[in-house]
Amino acid sequence: QFFVFCHGLLQLSQLLVSGYLKSSISTIERRYGLSSQTSGLLASFNEVGNTLLIVFISYFGSRVHRPRFIGCGAILVSLAGFLMSLPHFITGPYEYDQSVASMFSNTTDLCQPGVPGSRGNLSDAGCTPHAARENHEVLLVMFIAQALLGIGGVPIQPFGISYIDDFASERNSPLYLGILFSVTTIGPGVAFMLGSAMLRFYVDIDKVTGDAVQLTNEDPRWVGAWWLGFLVAASLVAVSAVPYFFFPREMPKERGRCGIAARKDFPLVLLRNLRHPVYLLVVLAQVNLSAMVAGLATFMGKFLERQFSLTASLANMIIGAVNIPGAMVGIVVGGAILKRFQMSLRQCSAMCVLGMFLCLLMAFPLLFLGCPTQKVAGVTYSESSEFGHRALECNLQCNCPEKAYNPICGSNAIEYISPCSAGCGVVIINAGDNSVLNYANCSCISENGLAGFAKPGTCGTGCSHLFLPFVVLSCLAGILASTSHTPSFMLILRSIQPEDKSFAVGIQFMLLRVLAWMPGPVLYGSAIDKTCILWEKKCDRKAACRYYDNNLFRQRYLGLQFFFEVGAF
């Protein structure tokens with residue numbers, strides 16, 4: 001029982017490390033200027049190390065000191081977690097464009113007609129060879145950490161399960177494995193909640209004093225302390241690894257395991273399973289569902305942030321407290337129905353089909369619940385159509401730096417990329433905490449012939465009224481889709497020959513990894529990148545996306561999701 005407790009703790013903290021990355025992905029993109037395709041590849045990269053080794057591990061399962069192997073794997077996972085946070089400590093503080101001179105720079109992004117255009121702006125200054133190299137180092141460290149995370153995770157689940165199954169009485173074994181299984185489902189939810197908590201702190205909380213930070217977490221330039229969660233999760237893993245080095249190896253000979261003996265006809269068993277129509281079809285349906293979940297888990301936060309103008313912290317809170325528990329409810333309900341009605345295989349498959357059909361009905365309206373991108377001058381909206389040519393010339397005398405990014409919302413409800421691009425010459429500051437209250441004398445924002453004013457931050461998409469229906473429908477769709485989880489497993493376990501069981505499940509997980517978990521996030525990431533309408537430029541290369549075409553983003557993102565749901569159906 002102590003082993004089961006330790007193993008539950010270890011699996012939870014391992015999932016915290018891998019799940020936490022998904023909760024902070026939009027923040028890491030913003031901090032290091034990554035495209036969604038890159039961050040999607042990063043998110044799925046731990047599966048690479050995992051897949052390469054999982055086959056070997058299932059073979060050697062019976063010959064090694066399993067608890068020690070689990071302990072070593074856990075130490076690797078913990079190292080990977082600490083490595084993930086390393087980029088924060090090897091790079092300088094986060095820099096963003098400001099209107100107020102601060103300890104970082106005396107440049108400003110206000111409109112200053114007298115100053116020539118060559119004035120040094122923050123975002124331009126960052127392009128030295130050193131900065132470019134720093135960026136490569138960051139990516140390299142993170143990819144290595146992800147690979148290590150995958151490799152370290154390999155022995156944890158298979159060895160833990162077989163160890164428990166060998167020593168628990170036949171009566172208790174299902175209970176213990178059930179406990180572990182439920183922990184595995186809670187893990188990602190806890191990870192998103194951890195993300196929600198950590199991203200409320202400013203990223204450089206350890207490098208700058210509180211009053212030097214002029215951002216609130218509603219600001220589009222805000223970057224939360226993404227690295228803190230990795231330290232927390234990695235420390236947890238390290239602590240839960242300790243007991244494993246003290247568990248005995250001592251085991252009675254394994255019984256009822258034919259996997260090792262049947263190694264010589266490995267290709268035979270493989271072919272026999274892959275030719276089995278039920279097995280193949282169920283695995284393909286699970287591949288579709290897993291691809292949907294992979295993209296969902298990686299970019300759902302980013303989608304909610306952009307579509308409904310939420311903070312990263314709130315978006316994570318919704319996913320961790322609503323969507324993931326919803327999926328767990330679905331899994332439990334599916335299992336309960338199975339048990340209550342003692343279903344035959346045909347009824348199992350009917351239940352899967354019904355669940356998916358209802359899920360499609362819930363998911364279809366989601367495609368229409370959203371709003372277009374707010375009006376952003378020069379990006380999604382040009383004023384020249386309304387005022388002749390005045391709009392193009394209103395900020396010519398300002399010599400605005402091209403790359404400035406400090407969005408403000410004009411009193412005319414149009415967003416400008418920076419105070420300079422709106423022609424604002426005056427900034428009004430709150431004396432108490434040095435935060436910006438207002439921008440005035442903005443030559444591009446005219447009201448009744450007078451120069452208008454603007455407030456800091458984006459105008460938002462004005463989509464908040466659709467947020468609740470969206471969350472309710474997506475949660476319901478998730479519950480319905482996950483009711484097919486247990487019956488689809490039953491279909492696999494009952495339709496193949498008993499001696500192939502462990503092998504077939506191994507192959508199934510392998511296929512899910514290779515066909516869904518690895519390519520899924522990358523596919524979603526590149527689909528999202530194609531909907532970007534304004535890229536941040538770093539050293540003349542595309543970095544993170546500033547503005548998406550929200551309608552396209554929604555149609556591509558939820559459309560892909562719908563496509564995979566139809567595939568599973």
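Using +1 at the Cβ of each Lys and Arg and -1 at the Cβ of each Asp and Glu in the chain, identify which of Leu511, Ala315, Asn441 lies farthest towards the dipole's positive end. Checked the options; the winner is Leu511. Solvent-accessible area of the chain (1.4 angstrom probe, protein heavy atoms only): carbon and sulfur portion equals 67 percent.
Dipole magnitude of the chain about its Cα centre, charges +1 at Lys/Arg Cβ and -1 at Asp/Glu Cβ only, in debye to the nearest 20? The dipole magnitude comes to about 2100 debye.
Per residue, the chain exposes an accessible area of 45 Å² to a 1.4 Å probe, with every protein chain left in place. Students often get this wrong, so check it: of Lys22/Lys542; Lys22/Lys339; Lys501/Lys530; Lys207/Lys403; Lys375/Lys542, which have C-alpha atoms separated by over 32 Å? In this structure, Lys22/Lys339; Lys501/Lys530 lie more than 32 Å apart at Cα. Relative to the longest principal axis of the Cα atoms of the chain, the long axis of helix 129-153 makes an angle of roughly 20 degrees.
Counting only alpha carbon atoms, the long axis of helix 501-512 and the longest principal axis of the chain meet at about 20°.
Compute the angle between helix 277-308 and the longest alpha-carbon principal axis of the chain, please, reported from 0 to 90 degrees and rounded to the nearest 10. The angle comes out at about 30 degrees. With unit charges on the beta carbon (Lys/Arg positive, Asp/Glu negative), name the residue among Leu140, Trp222, Pro419 whose Cα is farthest towards the positive pole of the charge dipole of the chain. It is Leu140, whose Cα lies furthest towards the positive end.
The values are calculated or read from the model by the stated rules, or taken from the named source; none is laboratory data. Bear in mind the structure is a predicted one, so any value in this text is a computation, not a measurement. Note that each Cβ is placed from the backbone with ideal geometry, even for glycine, and that neighbours are counted across all protein chains shown. Calculation scope for accessible area: heavy atoms of the full protein, side chains included, ligands and nucleic acids excluded. Shrake-Rupley method; radii C 1.70, N 1.55, O 1.52, S 1.80 Å.
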